[in-house]
Amino acid sequence: MKKHLLFIISVCSLVMLWSGCEDWVTSTDPLGGQVQDDQLTTESAIPFVLNGVWGALSEATNYCTACSDLLADQMIQDYDVPGSGNSQYEEIDKGDIRLDTNTLHRVYSAVSELRFYADDVLRRAGEINFQDSDLRDETLFVGNFMGAIARYDYATYIGLTENQGGSPIDEGPFIPSAELYDLAIGKFQEALAYADAYRIRVINSMIARIHLFEGDYANARTFALNGLVNGDDPFQASYNAADIENLYWEDMGVINAECAIDPRFNDYVQANPDESVRIPLQSVEGMSGENTFYLQTKYDRETPISLMSWQENELMLAELDIRDGNPASALTRINAIRASHGLADLAAVDLGVLIEERDKELFLTGARLPDQRRMDMWHLAEDTWRYLPIPHTERNANPNID
């Protein structure tokens, strides 16, 4: 809780100017009805505003990735783990989630704040006569790109019912995941006009991922072929000790072990110790003395979380190769990914191997939950949540949804 208080304090001046700082986490858009402060609708204030949007991206990524990995089968909650005691994480792990769970509130608020800030940046940009064309283009890029990510987050991680993904926007009607993905793609395409070559590749990879999740393999290939390439830096959400700390470190690591890692990841490392490069773990004895658990050491308080990497783009193309009956091409792509970590080549690949490589390469990045849904690999009972539910605060405030 202390770290989230630090985040709020660090952006308090922004929030106060932006929207009165009144109950900013109680519904989809608690800020939407507030009177906007003209002090921020100036060219000189835009860099400050953009910093707030980047901070909102980090917070939304924090909650969506960590909580979705717990709902998926990458992490577990067990009261025998030293330091574990959060019943809300237990609910998420079991997929039996109360709508008034505070953690849900934080997830939903973080995504909603990102959506609001991104869209509001575009509104402000339309009211400013920019003298600096580079700043104008950066503002239009950030507003569109971050608005796309927020809509992607809604579609991928949030749900109205156990098996129905999606969310309202601005206290409007419920929007299913498929429509939110279309909205996200539209925003990404708007951002292309203001992007440099690297950002264009990031956008293409992000659009490819959406098409892959939707099962539109032809379009997924088209965009992935223009996505990130070997040697590109990953696109990441940043964290720092003074402002927003990485939630995996804060609640799901060796410092505060509310959650442990599914034991299959230790099996991967035991089968090939070199896998510890991309699956760094630390063992801990359970409080009962009867069990051994494994904690992630991938993240510390300031470790960034990758939203997209060239390795993920190659995994998408490898999957498409397999689905198109070209395992030789897929093997070349997967071995290039493995080589980037100093891992030995594989001799053959099929869809099962591809799924395992995604499990390892995208360890603790929020990719596993959509993979489980789209590949029919659900690990819990049929009636459990496969999305993080829209919390009761939004349901109570929005007359358009139950």
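The values are calculated or read from the model by the stated rules, or taken from the named source; none is laboratory data. Keep in mind that what you see is a predicted model, and the values were worked out from it rather than measured. Backbone-built Cβ (ideal geometry, glycine too); neighbour counts: all protein chains shown.
Condition first: in a strand (DSSP E or B) and either more than 15 Å from ILE210 (Cα to Cα) or out of contact with any strand residue (DSSP E or B) (no Cβ under 8 Å at 6 or more places or on another chain) (or both). Can you find one or more residues in segment 306-329 that meet it? Spell out the reasoning first.
At the first step, the residues of segment 306-329 found to be in a strand (DSSP E or B) are 306-308.
Filter again for either more than 15 Å from ILE210 (Cα to Cα) or out of contact with any strand residue (DSSP E or B) (no Cβ under 8 Å at 6 or more places or on another chain) (or both), leaving 306.
Yes, because at least one residue in segment 306-329 is in a strand (DSSP E or B) and either more than 15 Å from ILE210 (Cα to Cα) or out of contact with any strand residue (DSSP E or B) (no Cβ under 8 Å at 6 or more places or on another chain) (or both).
Quick check on segment 207-225: of everything there that is part of a helix (DSSP H, G or I) and out of contact with any helix residue (DSSP H, G or I) (no Cβ under 6 Å at 6 or more places or on another chain), which residue is surrounded by the most Cβ atoms within 10 Å (Cβ to Cβ)? Let's see the steps before the verdict.
Of all residues in segment 207-225, those part of a helix (DSSP H, G or I) come to 207-214, 217-224.
From what is left, the residues that are out of contact with any helix residue (DSSP H, G or I) (no Cβ under 6 Å at 6 or more places or on another chain) are 209, 214, 218, 222.
Values: ARG209: 24, GLU214: 17, ALA218: 9, THR222: 14.
Top of the filtered list is ARG209.
Restricting attention to segment 283-300, does a residue exist that is closer than 19 Å to ALA208 by Cβ and either surrounded by fewer than 19 Cβ atoms within 10 Å (Cβ to Cβ) or among the acidic types (Asp, Glu) (or both)?
Quick first cut of segment 283-300, residues closer than 19 Å to ALA208 by Cβ only: none.
No, there is no match, as no residue in segment 283-300 is closer than 19 Å to ALA208 by Cβ and either surrounded by fewer than 19 Cβ atoms within 10 Å (Cβ to Cβ) or among the acidic types (Asp, Glu) (or both).
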Looking at segment 80-96, can you tell me whether even one residue there is surrounded by fewer than 20 Cβ atoms within 10 Å (Cβ to Cβ) and touching a His at 6+ places or on another chain (Cβ under 8 Å)?
no
Looking at segment 248-299, which of the residues that are assigned to a loop (DSSP other than H, G, I, E, B) and among the polar types (S, T, N, Q) is nearest to GLN74 (Cα to Cα)?
THR297
Taking ALA242, is it farther than 20 Å from TYR108 by Cα, in a loop (DSSP other than H, G, I, E, B) and at pLDDT below 95?
yes
Can you pull out the residues in segment 316-337 that are surrounded by fewer than 21 Cβ atoms within 10 Å (Cβ to Cβ) and of a type in the set (D, E, K, R)?
ARG323, ASP324
Which residue out of PHE188, PHE130 is in a helix (DSSP H, G or I) and aromatic (Phe, Trp, Tyr)?
PHE188
If we take segment 337-402, then helices (runs of 4 or more DSSP H) inside it with 3 or more residues that are at pLDDT below 95 and small (Gly, Ala, Ser) are none
Report yes if some residue within segment 85-94 is at pLDDT 95 or above, hydrophobic (A, V, I, L, M, F, W, C) and under 30 Å from HIS379 (Cβ atoms); otherwise report no.
yes
If you go through VAL254, VAL202, VAL269, VAL277, the only one that is assigned by TED's automatic domain parsing to the domain that holds TYR157 and of a type outside the set (Phe, Trp, Tyr) is VAL254
Of those in segment 104-134 that are in contact with a Pro (Cβ under 9 Å, 6 or more places away or on another chain) and either on the phi > 0 side of the Ramachandran plot or among the polar types (S, T, N, Q) (or both), the residue surrounded by the most Cβ atoms within 10 Å (Cβ to Cβ) is SER112
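Keeping to segment 226-245, report how many residues are out of contact with any strand residue (DSSP E or B) (no Cβ under 7 Å at 6 or more places or on another chain), closer than 19 Å to GLY366 by Cα and crowded, with 16+ Cβ neighbours inside 10 Å. Don't jump to the end; show me each part of the working.
From segment 226-245, those out of contact with any strand residue (DSSP E or B) (no Cβ under 7 Å at 6 or more places or on another chain) are 226-227, 229-233, 238-245; that's our starting set.
Add one more test, that the residue is closer than 19 Å to GLY366 by Cα, and what stays is 233, 238-239, 244-245.
So of that shortlist, the ones also crowded, with 16+ Cβ neighbours inside 10 Å come out as 238-239, 244-245.
Qualifying residue count for the region: 4.
Looking only at segment 150-169, decide whether some residue is part of a helix (DSSP H, G or I) and surrounded by fewer than 16 Cβ atoms within 10 Å (Cβ to Cβ). Let's see the steps before the verdict.
First, pick out the residues of segment 150-169 that are part of a helix (DSSP H, G or I): 150-157.
Cutting the leftovers down to surrounded by fewer than 16 Cβ atoms within 10 Å (Cβ to Cβ) gives us none.
Looking for residues that are part of a helix (DSSP H, G or I) and surrounded by fewer than 16 Cβ atoms within 10 Å (Cβ to Cβ), one finds none in segment 150-169, hence no.
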Residue list for segment 148-178, filter: touching a residue at least 60 places away in the same chain (Cβ under 8 Å) and aliphatic (A, V, I, L, M)
ILE149, ALA150, ILE158, LEU160, ILE169
Quick count over segment 72-119, residues being part of a helix (DSSP H, G or I), touching a helix residue (DSSP H, G or I) at 6+ places or on another chain (Cβ under 7 Å) and of a type in the set (Ser, Thr, Tyr), is 4
Looking for something out of contact with any Lys or Arg (no Cβ under 9 Å at 6 or more places or on another chain) and β-branched (Val, Ile, Thr) - is there at least one such residue anywhere in segment 209-219?
yes
Taking ALA397 as meeting all but one of (1) surrounded by fewer than 18 Cβ atoms within 10 Å (Cβ to Cβ); (2) more than 25 Å from ASN102 (Cα to Cα), write down the number of the exception.
(2)
